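Structure first, then comments.
Every number in this text was worked out from the coordinates using simple rules, so none of it is lab data. Fair warning: this is a prediction, and the values are worked out from it, not measured in the lab. When we count neighbours, we look across all protein chains shown, and the Cβ atoms used for this are built from the backbone with ideal geometry, even at glycine.
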Amino acid sequence: MRLPVGPVLPYANTMADCFFCAIADGSAGVNLLVSGGGVVAFRDINPQAPTHVLVIPVAHYPDVAGLGAAEPEVLAELVRVAQQIADAEAGGEFRLVFNTGAGVGQSVFHVHGHVLAGRGFGWPPG
Ligand code: AMP
């Protein structure tokens with residue numbers, strides 16, 4: 001898949017001990033599928049579907065509600081990028097998951113949308 005990769009813009013709202021902040025600012029050396037508009041996208045290290053991409057804001061927010069309240073335009077861009085990835089890899093169909101809280105499976109507290117695509121999914125989710 002070839003998607004546009006632009007410069008990663010410097011952002012004030014980062015946390016020194018957050019690995020996803022290091023991915024977002026480029027210092028972790030993770031391959032970015034998309035970068036721009038305040039978000040970056042990269043492949044999940046433990047994929048749960050043929051397409052499993054994480055889309056995150058460059059700025060650090062613990063969860064999606066915090067991002068949406070502070071920077072709704074960046075949340076909208078995150079969703080647009082999710083669709084762009086699904087269009088490129090899976091015919092446009094995808095599941096977008098924001099685990100919010102340790103009790104429902106959140107393990108990294110820098111908000112990330114899981115873009116899951118390329119196979120069927122059951123409902124209700126497990
Ligand atoms: P969650 O459990 O919803 O917080 O999701 C965290 C996700 O981050 C998991 O799916 C992990 O596999 C993924 N992950 C953790 N570390 C990395 C990494 N270095 N690169 C890519 N994905 C990662």
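Quick check on the chain: what does the Kirkwood estimate of hydrodynamic radius come out to from the alpha carbon pairs, in Å? Kirkwood radius, the chain: 14.6 Å. When each of the peptides 16-23, 45-52 is scored by how many other beta carbons lie within 10 Å of its residues on average, the order from highest to lowest is 16-23, 45-52.
As a length-normalised measure over Cα pairs under 8 Å and 6 or more apart, the relative contact order of the range 74-126 settles at 34 percent. Taking the helices alone, the chain has a mean residue ellipticity at 222 nm of -7500 deg cm²/dmol, built from -39,500 (n - 2.57) per DSSP H run of at least 4 residues and averaged over all its residues. Fewest neighbouring Cβ atoms within 10 Å first, the residues Arg43, Arg119 line up as Arg119, Arg43. Between the amide H of Val34 and those of Ala41, distances stay under 5 Å, these residues lying 5 or more places away or on another chain, with hydrogens modeled in the peptide plane.
Of the peptides 35-42, 64-71, 75-82, the ranking by mean beta-carbon count within 10 Å, highest at the top, reads 35-42, 75-82, 64-71.
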